[in-house]
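Everything below concerns the one structure shown next.
The values are calculated or read from the model by the stated rules, or taken from the named source; none is laboratory data. Since the model is a prediction, treat every value here as computed from it, not as a measurement. Quick reminder, even Gly has a Cβ in these numbers, built from the backbone with ideal geometry, and neighbours come from all protein chains shown. The accessibility values were calculated without ligands, DNA or RNA, using every heavy atom of the protein model including side chains. Shrake-Rupley method; radii C 1.70, N 1.55, O 1.52, S 1.80 Å.
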Amino acid sequence: MEGVLAQTLASGLLIGFVYALVAVGLTMIFGVMDIVNFAHGEYLMISMYFSYWFFILFGMDPLYSLPAITLIMFGIGIITYYIAIRPIINAPMLSQIFVTFGLLIFLRGVAQFLWKVDYRMIPETLASGNINLAGIYIGRPQLVAAVGAILCYGVILWFLKNTKTGMALEAVAEDKEAARLMGINSNRMFALSWGIGIATVGIAGVLLSTFFYVFPEVGGAFCLIAFVVVALGGFGSVVGAFLAGIIVGLVEVVSGYLIDPSFKFMFVLALYLAVVFIRPQGLMGK
Amino acid sequence: MKKGLVILLVFFAALVIYPFIFKNPFPRHLLIMIMLYGTMGIGWNIIGGYAGQVSFGNAAFFGVGAYTTAILLSKYGINPWIGMLLGCFFSSLVAVIVGYPCFRLRGHYFAIATIAVGEIVQILFTNWEYAGAAVGIYIPILEESFFNFQFHTTKLPYYYIVLAMLAFALLVCYAVEKSRLGYYFRAIKDDPEGARSLGINIQNYKLVAFILSAILTSVCGTFYAMYVLYIHPANTIDLWLSIHLCIIALIGGLGKIFGPVIGAFIFIPLTEFTRVYLGSEGQGIDLIIYALIIILLATLRPQGLWGIFAKSSS
């Protein structure tokens, strides 16, 4: 019995790191420009398809295609910003919600059109297999994904705290007007936040594709989880999203284990409601 | 205004005559769906368009209306019209329970909270054995009559019932707009701080808007259950239904009485025709088309298409 619980906690922890990575782009874009990207999960889906097709067409393992896909997703993020987001920066919030929602529907439509609704899976990757850690069986893909997520998080935090561009990003998130007066080009920072935000969710997508089915609607559930993570961590807080991701991962698996797996998602959503009602600023929000 | 009234009367006369011209099932079904979504779109418009609170959870009210009717009829033999009323009651109750805490949230937080609520309601119904769980509920077949809300030989009575619902929804919306309520709702949308300083109890008026929205949507849920005679969580409490309602209101014009009707007249034929003509080959094309419409409208014409029609008719 204890073994099962330990096993459950381990898998919750591992998936929690991936949730954090899915959410970090969402919280970053929100922090920098006050826009919620409702299509965030769809970018995850797109990158999972990239990973799948790189494997099928070129025989490239997801771990090898990861750098290329990250770059592609970065480019897609920048393009999305200039085409869809820039025109509505100063628009009413309703328009902003509808535009990112429109992006969600658009990307799903493209995926359904190109690849139909079939479930696809990369059969075997470098990360496949299990390892036995003191009696706890852990899937290697999950472990690789978790480690990848932690590394990626480390790079993001280093970037934000130690580089000029990263600090400029944080400055824009802090106070747009002041940042503008300091000579920071906020338009470029907005574009950059989309680039980085979509690149990070792209990395999460590639890591997920080593152990998760790919289908056009795969983004939906992850996007909702990312909302919960972002709200729990505090909208705009990068560190908060990391802690929140772990908490959400644990809540999901533990409630699934203790109560019923079919309800686990409900507890995650209920957690969102509890957070925004009781502590709307989240764990680390201002 | 007088001219507007004439146009409205002509419009309704056309709707009344329509089934005498189009006798095939498909065009009638199409109009039934347009009017059903138009009614729900008006319901969404009251909370989303007038009061400015973007709800992605209205499908929950549709589901509560449909399930209340279906459960009462199939388990206790209770008349569907009573089911409709009780559905409105339960939907209002849900609106209050959900709205009371959620209306403290602003903007995105509220929109996401309504997604969470809608999904939670769907998960509950999907796992609720008594309500048929994921399989859903078949409505028992009764003798056809208006009293039983069932018609098998012809769909025509359904057509007129939903037409009456649409007229009712328009009246409700008109009454709201002409009363102080409409004024308060717009104040809440445009300037919540100002509204508060004028002594408007924002919370309560948002709740009123949400309840009206819930009732209009719940009635449609009952209608749908009796029209299709089979309901399950995926065809009633679906996030996509909620999204469609927003799209319909957006296309027509947020906060305009007639907006959702125009939206439904554009959106529903588009969905039906893309489904019929593109079939599985064109899977996804319909989504791409809506997406482009939504993005272009929200970017270039956030006030919807209503203005174009209004200009030519005023």
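Among the residues of the range B:164-181, none qualifies, meaning not one is open to solvent by 60 Å² or more (accessible area, probe 1.4 Å), closer than 30 Å to B:ALA13 by Cβ and among the β-branched types (Val, Ile, Thr).
Checking each residue of the range A:224-240 against the condition of being open to solvent by 30 Å² or more (accessible area, probe 1.4 Å) and over 30 Å from A:ARG279 (Cα atoms) gives no match.
The residue of the range B:245-287 that is farthest from A:GLU42 (Cα to Cα), among those that are of a type in the set (D, E, K, R) and assigned to a helix (DSSP H, G or I), is B:GLU272.
Here is a yes/no grid of residues against (1) in contact with a Leu (Cβ under 6 Å, 6 or more places away or on another chain); (2) under 24 Å from A:LEU169 (Cα atoms); (3) at pLDDT 95 or above; (4) surrounded by 23 or more Cβ atoms within 10 Å (Cβ to Cβ):
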{"residue": "A:TYR43", "(1), (2), (3), (4)": "no, yes, yes, yes"}
{"residue": "A:ASP61", "(1), (2), (3), (4)": "yes, no, no, no"}
{"residue": "A:THR70", "(1), (2), (3), (4)": "no, yes, yes, no"}
{"residue": "A:ILE76", "(1), (2), (3), (4)": "no, yes, yes, no"}
{"residue": "A:PRO87", "(1), (2), (3), (4)": "no, yes, no, no"}
{"residue": "A:LEU104", "(1), (2), (3), (4)": "no, no, no, yes"}
{"residue": "A:TYR119", "(1), (2), (3), (4)": "no, no, no, no"}
{"residue": "A:GLU124", "(1), (2), (3), (4)": "no, no, no, no"}
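Scanning the range A:267-286 for residues that are among the small types (Gly, Ala, Ser) and either open to solvent by less than 20 Å² (accessible area, probe 1.4 Å) or assigned to a loop (DSSP other than H, G, I, E, B) (or both) yields a count of 2.
Conditions tested, residue by residue: (1) farther than 23 Å from B:ILE247 by Cα; (2) within 9 Å of chain B (Cβ to nearest Cβ).
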site: A:VAL22; (1), (2): yes, no
site: A:GLY25; (1), (2): yes, no
site: A:ILE29; (1), (2): yes, no
site: A:ASN37; (1), (2): no, no
site: A:TYR49; (1), (2): yes, no
site: A:TYR82; (1), (2): yes, no
site: A:LEU103; (1), (2): no, yes
site: A:GLY109; (1), (2): no, yes
site: A:LEU114; (1), (2): yes, yes
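Among the residues that make up the range A:201-219, is at least one of them under 19 Å from A:PHE30 (Cα atoms) and within 14 Å of chain B (Cβ to nearest Cβ)? Yes, the range A:201-219 contains at least one residue that is under 19 Å from A:PHE30 (Cα atoms) and within 14 Å of chain B (Cβ to nearest Cβ).
Residues considered: B:ILE112, B:ILE120, B:ILE97. Of these, the only one that is touching a Leu at 6+ places or on another chain (Cβ under 8 Å) and among the hydrophobic types (A, V, I, L, M, F, W, C) is B:ILE120. Among the criteria (1) of a type in the set (A, V, I, L, M, F, W, C); (2) crowded, with 16+ Cβ neighbours inside 10 Å; (3) modelled with pLDDT under 90, the one B:ILE161 does not fulfil is (3). Every listed requirement among (1) within 14 Å of chain A (Cβ to nearest Cβ); (2) open to solvent by less than 50 Å² (accessible area, probe 1.4 Å) is met by B:LEU207 save one, (1). Of all residues in the range B:89-116, those satisfying the criterion of being part of a helix (DSSP H, G or I) and open to solvent by less than 10 Å² (accessible area, probe 1.4 Å) are B:SER91, B:ALA95, B:GLY99, B:CYS102, B:PHE110, B:ALA111, B:ILE112, B:ALA113, B:THR114, B:ILE115, B:ALA116. Residues in the range A:161-195 that are among the hydrophobic types (A, V, I, L, M, F, W, C) and open to solvent by less than 30 Å² (accessible area, probe 1.4 Å) were compared, and the one that is farthest from A:GLY25 (Cα to Cα) is A:ALA179.
Restricting attention to the range B:118-136, the residues that are part of a loop (DSSP other than H, G, I, E, B), farther than 14 Å from B:LYS75 by Cβ and open to solvent by 20 Å² or more (accessible area, probe 1.4 Å) add up to 2.
Evaluating B:ALA131 against the criteria (1) small (Gly, Ala, Ser); (2) over 27 Å from A:LEU26 (Cβ atoms); (3) touching a Leu at 6+ places or on another chain (Cβ under 6 Å) leaves one unmet condition, (3).
The set of residues in the range A:130-160 being surrounded by fewer than 12 Cβ atoms within 10 Å (Cβ to Cβ) and either among the polar types (S, T, N, Q) or in a loop (DSSP other than H, G, I, E, B) (or both) consists of A:ASN132, A:ALA134, A:GLY135.
Check whether at least one residue in the range B:96-104 is more than 23 Å from B:ILE243 (Cβ to Cβ), within 12 Å of chain A (Cβ to nearest Cβ), of a type in the set (Ser, Thr, Tyr) and touching a residue at least 60 places away in the same chain (Cβ under 8 Å), and report yes or no. Looking for residues that are more than 23 Å from B:ILE243 (Cβ to Cβ), within 12 Å of chain A (Cβ to nearest Cβ), of a type in the set (Ser, Thr, Tyr) and touching a residue at least 60 places away in the same chain (Cβ under 8 Å), one finds at least one in the range B:96-104, hence yes. With the structure loaded, tell me whether A:GLU217 is within 30 Å of A:ILE122 (Cβ to Cβ) and among the charged types (D, E, K, R) or whether it fails that test. Answer is yes for this residue.
Pairs linking a residue in the range A:265-286 that is small (Gly, Ala, Ser) to a residue that is in a loop (DSSP other than H, G, I, E, B), with Cβ atoms under 7 Å and 6 or more positions apart or on different chains, are A:GLY282/A:GLY234; A:GLY282/A:PHE235; A:GLY282/A:SER237; A:GLY285/A:GLY234; A:GLY285/A:PHE235; A:GLY285/A:GLY236; A:GLY285/A:SER237. Scan the range B:157-207 residue by residue and report those that are assigned to a helix (DSSP H, G or I), more than 22 Å from the chain's Cα centre (by Cα) and of a type in the set (Gly, Ala, Ser). Passing the criteria: B:ALA187, B:GLY194, B:ALA195, B:SER197.
Does B:LEU198 count as within 25 Å of B:ALA133 (Cβ to Cβ), surrounded by fewer than 20 Cβ atoms within 10 Å (Cβ to Cβ) and of a type in the set (A, V, I, L, M, F, W, C)? In short, no. Reported count of residues in the range B:24-70, each being of a type in the set (A, V, I, L, M, F, W, C) and within 14 Å of another protein chain (Cβ to nearest Cβ), is 6.
Considering the conditions (1) touching a Phe, Trp or Tyr at 6+ places or on another chain (Cβ under 9 Å); (2) closer than 25 Å to B:ILE78 by Cβ, B:GLU177 is excluded by exactly one of them, (2).
Checking each residue in the range A:81-111 for being among the charged types (D, E, K, R) and closer than 20 Å to A:LEU192 by Cα picks out only A:ARG86.
Among the numbered conditions (1) crowded, with 18+ Cβ neighbours inside 10 Å; (2) under 26 Å from B:ILE285 (Cβ atoms), the only one that A:SER65 does not meet is (2). If you go through the range A:8-55 and keep only what is among the charged types (D, E, K, R) and either within 15 Å of A:ILE203 (Cβ to Cβ) or assigned to a loop (DSSP other than H, G, I, E, B) (or both), you end up with just A:ASP34.
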